[in-house]
Structures are given as C-alpha cells and as structure tokens.
1. Return the pairs, sorted by first residue and then second, in which the second residue is within 16 Å of the ligand (Cβ to nearest atom) and assigned to a loop (DSSP other than H, G, I, E, B), the first residue lies in the range 78-100 and is more than 13 Å from Arg138 (Cβ to Cβ), the beta carbons are less than 7 Å apart, and the residues are 6+ apart or on different chains.
2. Can you name every residue in the range 182-232 that is crowded, with 17+ Cβ neighbours inside 10 Å, within 30 Å of Gly20 (Cβ to Cβ) and small (Gly, Ala, Ser)?
3. Pairs please, first residue from the range 49-67 and under 17 Å from Lys124 (Cβ atoms), second anywhere and among the small types (Gly, Ala, Ser) and within 10 Å of the ligand (Cβ to nearest atom), Cβ atoms under 8 Å, 6+ apart in sequence or on different chains.
4. Out of (1) surrounded by fewer than 18 Cβ atoms within 10 Å (Cβ to Cβ); (2) touching a Phe, Trp or Tyr at 6+ places or on another chain (Cβ under 7 Å); (3) not hydroxyl-bearing (Ser, Thr, Tyr), the odd one out for His255 is which?
5. Being outside any helix (DSSP H, G or I), surrounded by fewer than 17 Cβ atoms within 10 Å (Cβ to Cβ) and among the aliphatic types (A, V, I, L, M) is the filter here, so list the residues in the range 258-292 that pass it.
6. In the list Ala171, Ala164, which residue meets the criterion of being modelled with pLDDT under 95 and closer than 25 Å to Gly50 by Cα?
7. Does the range 167-181 include one or more residues that are within 11 Å of the ligand (Cβ to nearest atom), assigned to a loop (DSSP other than H, G, I, E, B) and aliphatic (A, V, I, L, M)?
8. Report yes if Gly146 is surrounded by fewer than 17 Cβ atoms within 10 Å (Cβ to Cβ), within 14 Å of Ile90 (Cβ to Cβ) and under 16 Å from the mean Cα position of the chain (by Cα), otherwise no.
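The values are calculated or read from the model by the stated rules, or taken from the named source; none is laboratory data. Note that the structure is predicted; figures quoted are calculated from it, not measured. All Cβ positions, glycine included, derive from the backbone under ideal geometry; neighbour counts span all protein chains shown.
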Amino acid sequence: MSQSHIDRTWFREVNTAWDGYSVSLGIEEILYDEKSKYQDIMVFKSTSFGNVLVLDGTIQCTERDEFTYQEMISHLPLNSHPNPVKVLVIGGGDGGVVREVLKYSSVENVTLCEIDEKVIEVSKQFIPSMSSCLSDPRVTIHCGDGISYVTEHTEEFDVIITDASDPVGPAEGLYELTFYEKLKNALRPDGVICCQGETPWFDLPLIKNVIGYCRQCFPTVEYALGNTPTYTGGSIGYILCGTNPARDLKIPIRHFNDVELDAMNIKYYSPEIHQSAFVLPRFVKKVLTEEVNIVI
Ligand code: SAM
C-alpha cells in the first residue's frame, strides 16, 4: 500500500514496490480526499500537470500526460482488430480509455466495468476532459468487479481493455491466470485484449508472470512500451494478446495519416509508434523472451 507523503507543497508517491524512488508533483490545491468502499481517492490541482487522480497513494492519471497512456492502451488493440464493434473496458473509471474507443465509428457499444463508482463520480467532477465522454449514448456503465463481469459474459466482445490500477486491493485478481482465461472466453472470434503492463524498471517479475499466463491462453502475445512522465520510471508497458494466430499484432491495420490523426485528436499514438513500441530494450527483451534471471 502506498503511503504518499504530502507536505505543504509536494505530493510524493512513496511505495514499497519501488523502494527508494519517488515521483513528486507540486500541489496547488487538494480538491478531493476521501476513502471509498475500495480505496483512498484523492484529486489535487498540481502546479504543472493539471488535475491529478490518485488512488491509494498511486498516481492514476494527470490532465497533462494522460493522453500518452489512454491512446496507447486503446489504439494498440483497436488498430489490431479489423472491425471493432463491441468493446469492454475493465477499470478505467476516469473515462480516458472510453474516450479513445469512441473515436472508432465501427464501435456500436463500449461497456465500462469499474468496481468503484466513486472514481467515476470524482472523475466527472474534476477531470471532465477524460470523463465527459461517459455520457455518450454508445457507453454502458456497469459498476462491479471486472472478474465477475467477464465470467458472466462469454463470446461477446471484439476488444477488451483492462485499464487496471496496480495489483493491490481490488485490482489484485486482474493479474492472475484465471482472469486471462476468462478474458479469452469473453472474446468473439478474432478478438484482441490489451492490459496495463506495469513498468520494466520495477515490475519485471510481475510482467514476466503475466505474459506467461497470457501465453497459456492466447496464440499471440506481445509487449509494448510507451512513455508517461508521471508513471513510475517514466515508462509503462502494454500487454497485447490476440486470438487469431495469423495476425501480427505488431503491425497496425489502419495506417492513419497526420490529417486523420489530427481529426481524431490523437497526439501520441501513430502507426509508426505502434510498430516501434514493440522494439524493446535488450534487458527487457532478454527477460521476457528467455529463461533468464531478472537482473536490473
Ligand atoms: N491508468 C491507470 C494505471 O495505469 O494505473 C489506471 C486508471 S483507472 C482509474 C484504474 C481503475 O481500476 C480504478 O478506478 C479502480 O477502481 C479500477 N479497478 C480496480 N480493480 C478493479 C476490478 N477488479 N474490477 C473493475 N475495476 C477495477
């Protein structure tokens, strides 16, 4: 559990999972700070990154750099599926992933399964740039556990995106083999999933385990990296899995040009970024593809 250290002017993200390292953001004003049924929820206005959502002391998103993450976790899978019509987002109560999913005209419905309705409520109040899309008529909101939800819904979705917090508290079960088996069963033929893939700077053992689980369930499993300054280590991974063994997930289906990307208000993702994101640093590739000890 994070014990974030808040003093007069700084928020410091302190967590035993990344002992001795801390992301800090200047605080202008604390806007919300309550405990929900599931976690501590805080929102503060930062001095340079806009409003910031924090859950159990861990930064979830900031208005300034959230687009880097929301775009990658959404467009990597959506642009690996030929015709996404029904999409499921697990977690993601801030609305950022749903906002990106709605940019595809083929999508007829996106279901958001968020366990903590307080996160949705607080995001609507303090981070409208992400949450305002939740009122779109194509959006269905289900407040409940993502694990139970995928257990009850089989062969229903073209794309499932798990935008989960770290594996503590309510998110713990979203990093276990049984969850990925259920995700596979919840997909329609040619389905694709993408899960938040932590950071190789502090989470390589966990990432290796999860990729191992995914390889037991899916014919194609890939790991991509992107940059988000306010996530631990400044980089965040994405675990992309497909059910069609003939589809190379590292190659985007749609080669959007700059005019199209501007029209979709996409500022980080591009077909070139899609392909390059799977080119991994040697220490990461070595651990994730070979039976080597984890050393960094
Ligand atoms: N982008 C952030 C990251 O990478 O850490 C995650 C943001 S989003 C706010 C994470 C959400 O997952 C939280 O709102 C949390 O309540 C939700 N969540 C955690 N466990 C869940 C579960 N078992 N089912 C559904 N939602 C869950």
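1. Hits for this filter: Ile90/Ala164; Gly91/Ala164; Gly91/Ser165; Gly93/Asp116; Asp94/Ile127.
2. Within the range 182-232, Gly197, Ala224, Gly226 qualify.
3. Once the first residue is under 17 Å from Lys124 (Cβ atoms) and sits in the range 49-67, its partners that are among the small types (Gly, Ala, Ser) and within 10 Å of the ligand (Cβ to nearest atom) give Leu53/Ser123; Leu55/Ser165; Gln60/Ser165; Cys61/Gly96; Glu66/Gly96.
4. His255 satisfies every listed condition except (2).
5. Met264, Val279, Val292
6. Only one candidate qualifies: Ala164.
7. yes
8. no
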